[in-house]
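Working notes, beginning with the structure itself.
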Amino acid sequence: MEVQITSKQMVKPSSSKLHLLKPFQLSLIDQVSITNYVPFIFFYPKPCDSHIDGSQFSNQLKQSLSKALTQFYPLSGRTRNNLFISHYDEGVPFVEARVKGRLSDFIEATGEVLELEALNQLLPCRPFCFFQDYSALPQLGIQVNILDCGGVALALCCLHKIIDATTISCFLKTWAAFSLGSNGEIPDLDLLEAGSRFFPPMESMPTSTNLKRLLFNEGRRKSRSFMFDANAIATLMFKAKSKSLEQPSRVASLGAFLWKHAIQDSRSVSGSRKPAILCQTVNIRRKMKPQLPDYSIGNLYLLPTTTYNSVGKDVELTELAYLVSEAVKSVNKYSQDLLQGFKTIKEQQTEIAKMVSEGNAEFYTLVSWLNTLDGKQDFGWGKSSLFSIPGVDSHNPGFSDCFILKQARHHNSIEAWVTLPDKVMAVLEHDPDFLAFTSPNPSLGKFKAKKQRFNGETLSGKI
């Protein structure tokens, strides 16, 4: 796969009055959040009845993006002093590229294992890397990749400073509405900043070193994508049942299954048994009083953790599913005082970070996009044929062990994006008990990740 950058520019909000708006205040959660780019890519085939080509479609995306940024104006600004966002006229980098390849190369099964890191060549920014200095970083980066067949791969990189999954999902809906010529205006722009009212920022608050130690630790890792069809999901939900958990959710069941095999395969590689800690993201917009709309910008989630301490026996799916479920429920006890809940969880992270950094525990994160990001946004060319997450590669080897669940393009199926240490992933990919319920996503199998040049600059030269 060869990628040739054809243009780079900054897209700015269409309104000329944004300079009159006050700075967007960060919430306390935003202040301690880790700054890294989270990427994903939508693949669109050129409709047979469309009269516009990939370049014209890219221009349509660019024009509608400008309108969407007027609504979500903080996404066009830059972070200042870890306290607020201003300079809304800085804009969002918009990159256009030509790709030697066809859409069918990406979405048709080849029987080979997907190398997700190959997708990084389609991104405008370096994903999964920790940025210590983020004052000049854009909140969002976009790259429109036009393939030989006329199809388009729309890639986004979202800086986790103020963008969580719910924020970007709402932004995409607004952007798509404008692209279709509809009204994408937000009902109440005043609620964009509502998160900082619940979690007031502190004048001097550095990025959390504990979160950095947990989410970015040493060691080479590999990302793979695994598919769970409807039958496998139903079976795992049945197997996850217990007297303590009579109705496990899809997330609890699949999350526990992934966690179980990561624990077992890690033990197989290391020869030691350590406590295993799982951290989850829980959206709190609906838990606030009054509730906040989904378009309220910011990292409006809590990170409850749970620990599996039974190092002297076999790992049981039912026990893990119960732990996963209870951790999510634990957030409810903070519903009357979410700020105190955030502070309590942050204190717990200090102890967890100490355990993990000293090698006394393993740490995993579980994220669900099942009811948030679905890749179904229609910008004028119909819904995407494929919604993918690129992988960790040699440029970002320190990213944490992570599971992301998202809707697959096959009906009622779920795709699990999994990142684990190289040696553990090698065991997982050949674990018969694991493969009895899932299979590697074969899409992109023919593309191998390699160092590519982009108009004289390598991937490491990106933002």
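The values are calculated or read from the model by the stated rules, or taken from the named source; none is laboratory data. Just so we're clear, the structure is a prediction, and the values are computed from it rather than from any experiment. Glycine gets a Cβ as well: all are built from the backbone with ideal geometry, and neighbour counts include every protein chain shown. Just so you know, the surface numbers come from the protein's heavy atoms only, side chains and all, with ligands and any DNA or RNA stripped out. Shrake-Rupley method; radii C 1.70, N 1.55, O 1.52, S 1.80 Å.
Hey, can you tell me all the residues within segment 431-446 that are farther than 22 Å from residue 233 by Cβ and either modelled with pLDDT of 95 or more or part of a helix (DSSP H, G or I) (or both)?
none
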Unique residue being touching a residue at least 24 places away in the same chain (Cβ under 8 Å), closer than 23 Å to residue 383 by Cβ, aliphatic (A, V, I, L, M) and surrounded by 19 or more Cβ atoms within 10 Å (Cβ to Cβ) when the list is 165, 194, 118: 165
Tally, over segment 324-358, of residues that are within 19 Å of residue 421 (Cβ to Cβ), open to solvent by 20 Å² or more (accessible area, probe 1.4 Å) and in contact (Cβ under 8 Å) with a residue 12 or more places away in the chain: 3
Hits in segment 238-267 - residues which are surrounded by fewer than 18 Cβ atoms within 10 Å (Cβ to Cβ) and of a type in the set (A, V, I, L, M, F, W, C): 238
Residue that is surrounded by the fewest Cβ atoms within 10 Å (Cβ to Cβ) [pool: residues in segment 268-299 that are in contact (Cβ under 8 Å) with a residue 24 or more places away in the chain and part of a helix (DSSP H, G or I)]: 268
The lone exception for residue 49 - which of (1) out of contact with any strand residue (DSSP E or B) (no Cβ under 8 Å at 6 or more places or on another chain); (2) modelled with pLDDT of 95 or more; (3) open to solvent by 70 Å² or more (accessible area, probe 1.4 Å) it fails: (2)
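Identify the residue in segment 71-106 that is of a type in the set (Ser, Thr, Tyr) and not in a strand (DSSP E or B) and, among all such residues, is modelled with the lowest pLDDT. If you could, list the steps in order and put the result at the bottom.
Step one: of segment 71-106, the residues of a type in the set (Ser, Thr, Tyr) are 73, 76, 79, 86, 88, 104.
In the following step, the residues that additionally are not in a strand (DSSP E or B) were identified as 73, 76, 88, 104.
Values: 73: 96, 76: 97, 88: 96, 104: 80.
Applying the filter and picking the extreme gives 104.
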In segment 300-309, residue nearest to residue 37 (Cα to Cα) [restricted to those that are open to solvent by 10 Å² or more (accessible area, probe 1.4 Å) and of a type in the set (Ser, Thr, Tyr)]: 301
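Would you check if there is a residue in segment 182-190 being crowded, with 23+ Cβ neighbours inside 10 Å and touching a residue at least 40 places away in the same chain (Cβ under 8 Å)?
So far as segment 182-190 goes, no, none of its residues is crowded, with 23+ Cβ neighbours inside 10 Å and touching a residue at least 40 places away in the same chain (Cβ under 8 Å).
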When residues of segment 217-267 are limited to those that are in contact (Cβ under 8 Å) with a residue 60 or more places away in the chain and acidic (Asp, Glu), the one farthest from residue 315 (Cα to Cα): 218
Among residues of segment 160-197, those that are part of a helix (DSSP H, G or I) and under 24 Å from residue 369 (Cα atoms), counted: 20
Pick from segment 310-323, criterion assigned to a loop (DSSP other than H, G, I, E, B) and modelled with pLDDT of 90 or more, ranking: most open to solvent (accessible area, probe 1.4 Å): 316
Single unsatisfied condition, residue 374 versus (1) under 19 Å from residue 228 (Cβ atoms); (2) open to solvent by less than 10 Å² (accessible area, probe 1.4 Å): (2)
Pick from segment 1-35, criterion in a loop (DSSP other than H, G, I, E, B) and charged (D, E, K, R), ranking: least open to solvent (accessible area, probe 1.4 Å): 12
Residue count, segment 300-309 (criterion: more than 22 Å from residue 161 (Cα to Cα) and part of a strand (DSSP E or B)): 3
